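Before any comments, here is the structure.
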Amino acid sequence: MAKVLVVTSGKGGVGKTTSTAALGAALAQAGENVVVVDFDVGLRNLDLVMGAERRVVYDMINVIQGDARLPQALIRDKRIDNLSLLPASQTRDKDALTDEGVAKIIEQLREKFDWIICDSPAGIEKGAMMAMRYADIAIVVTNPEVSSVRDSDRIIGMLDSKTLKAERDERMEKHLLLTRYDAGRAARGEMLKTEDVLEILSIPLLGIVPESVDVLNASNVGSPITLNNPGSGAAKAYFDAARRLRGEQFEVVVPTERVGIMGRLFGRRAVA
Amino acid sequence: MNLMAMFRRQRSAPVARERLQVLLAHERMAGGHSELLNLLREEIVEVIKKHIKVDSDKVNIKLERGGDVSTLEIDVEMPATLPLVRARDTAAAA
């Protein structure tokens, strides 16, 4: 049965789009049939991070308004056959994202795919509400930083009250994805530790993605990190998170610091 | 600034953790305090207005959220000669 996932955070810039692309690709690389859906109407970016920006013809709003059929708007990934993208509109305003329209699209996507991953816009406006509305599982992307943790707490409250699952008194499955984590700084007491964030937000941990130059390199070239640099620490964290989403159970490893001789000399740190 | 001070330097992460715990404990109650605070301010000022003519702009409200106890501080500026609302005025107005 298809699963609808929302990748959300409240705060902007914490890594929702990067994580949507990476998790979508990781699940597809594991053989699942995946579609990633951009809900950021007016400021779409998932197409760019996925490297499909030049192939967008129709978008979700076109489908909602009946200007295009869903299969016409879906863009199949050139690298992995079983990965598709449904882009957001760049021009329309977010009111075009109607509840009925979104419900219908999600229903149709459920028939075609195993995983539907909704990339939420930042904030708590309509786009964010629509992205979480029909989700079965929520991935709350959080940076170990006060404003991100506070906004995540707010979003968790909304997941428990404003979603269809919540209204039906069903349990909304929520997972924490801690991103831009620097184990060294956390150990030195300069950054909130994983345990701190977990204790405050009290939702289970899906993964810890280390702060890494590889993430920016991947988005620069328009390729999810799990495809662009599968051996990197960040990609490993996403592969592990995808395995957990598929039901495997194993401990989350805190990415440790690896400081080479050059790193020691120049005070730069690489994350293993 | 000496060497000892450097070693004793307060690490910031525990501070972040503590601040978040206090803040979120409050925000989780009734979806934040802003509504309640506005209501309290309006009603308290109304009560004061029954007796004294006050300028709403000269009412300062402060809230200090603590771990166990919060304090709401209401500061009303009153001129030296109190512009009392006399019982007769209210009776006449009624």
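The values are calculated or read from the model by the stated rules, or taken from the named source; none is laboratory data. Since we're looking at a predicted model, the values are computed, not measured. Cβ sites come from the backbone with ideal geometry, for glycine too, and all protein chains shown count toward neighbours. These area figures cover heavy atoms from the full protein model, side chains too; ligands, DNA and RNA do not enter into them. Shrake-Rupley method; radii C 1.70, N 1.55, O 1.52, S 1.80 Å.
Among the residues of the range A:158-185, those identified as touching a residue at least 12 places away in the same chain (Cβ under 8 Å), among the charged types (D, E, K, R) and either surrounded by 18 or more Cβ atoms within 10 Å (Cβ to Cβ) or within 14 Å of chain B (Cβ to nearest Cβ) (or both) are A:D160, A:K162, A:K165, A:K174, A:R180, A:D182. For the range A:96-112, the criterion of being within 18 Å of the chain's Cα centre (by Cα) and outside any helix (DSSP H, G or I) is met by no residue. State whether one or more residues within the range A:49-64 are touching a strand residue (DSSP E or B) at 6+ places or on another chain (Cβ under 8 Å), open to solvent by less than 60 Å² (accessible area, probe 1.4 Å) and in contact (Cβ under 8 Å) with a residue 60 or more places away in the chain. Yes: one or more hits. The listed residues are A:I156, A:I124, A:I200, and the only one of them that is modelled with pLDDT under 95 and of a type in the set (V, I, T) turns out to be A:I124.
Pick from the range A:57-87 the residues that are among the basic types (K, R) and part of a loop (DSSP other than H, G, I, E, B): which of them is farthest from A:E100 (Cα to Cα)? Once the filter is applied, the top-ranked residue is A:R79. Taking the listed residues A:I155, A:I116, A:I124, the one that is of a type outside the set (K, R) and away from every other protein chain (no Cβ under 14 Å) is A:I116, with no other qualifying.
Among the residues of the range A:159-217 satisfying the criterion of being outside any loop (DSSP other than H, G, I, E, B), in contact with a Gly (Cβ under 8 Å, 6 or more places away or on another chain) and not aliphatic (A, V, I, L, M), which is nearest to A:A237 (Cα to Cα)? Step by step, filter the range A:159-217, then rank; the result is A:P210.
Please go through the range A:186-199 and pick out each residue that is open to solvent by 10 Å² or more (accessible area, probe 1.4 Å) and within 9 Å of another protein chain (Cβ to nearest Cβ). Correct list: A:R188, A:E190, A:M191, A:K193, A:D196, A:E199. Of all residues in the range A:83-113, those that are modelled with pLDDT of 95 or more and buried (at least 18 other Cβ atoms within 10 Å of the Cβ) total 11.
Scanning the range A:138-152 for residues that are open to solvent by 10 Å² or more (accessible area, probe 1.4 Å) and either more than 12 Å from chain B (Cβ to nearest Cβ) or not basic (K, R) (or both) yields A:N143, A:P144, A:E145, A:V146, A:S147, A:D151. Is it fair to say A:G207 is in contact (Cβ under 8 Å) with a residue 24 or more places away in the chain, within 26 Å of B:L20 (Cα to Cα) and either more than 14 Å from chain B (Cβ to nearest Cβ) or buried (at least 16 other Cβ atoms within 10 Å of the Cβ) (or both)? Yes; evaluated as a whole, the condition is true for this residue. Where helices (runs of 4 or more DSSP H) sit wholly within the range B:1-66, those with at least 3 residues that are modelled with pLDDT under 80 and more than 15 Å from the chain's Cα centre (by Cα) occupy B:3-7.
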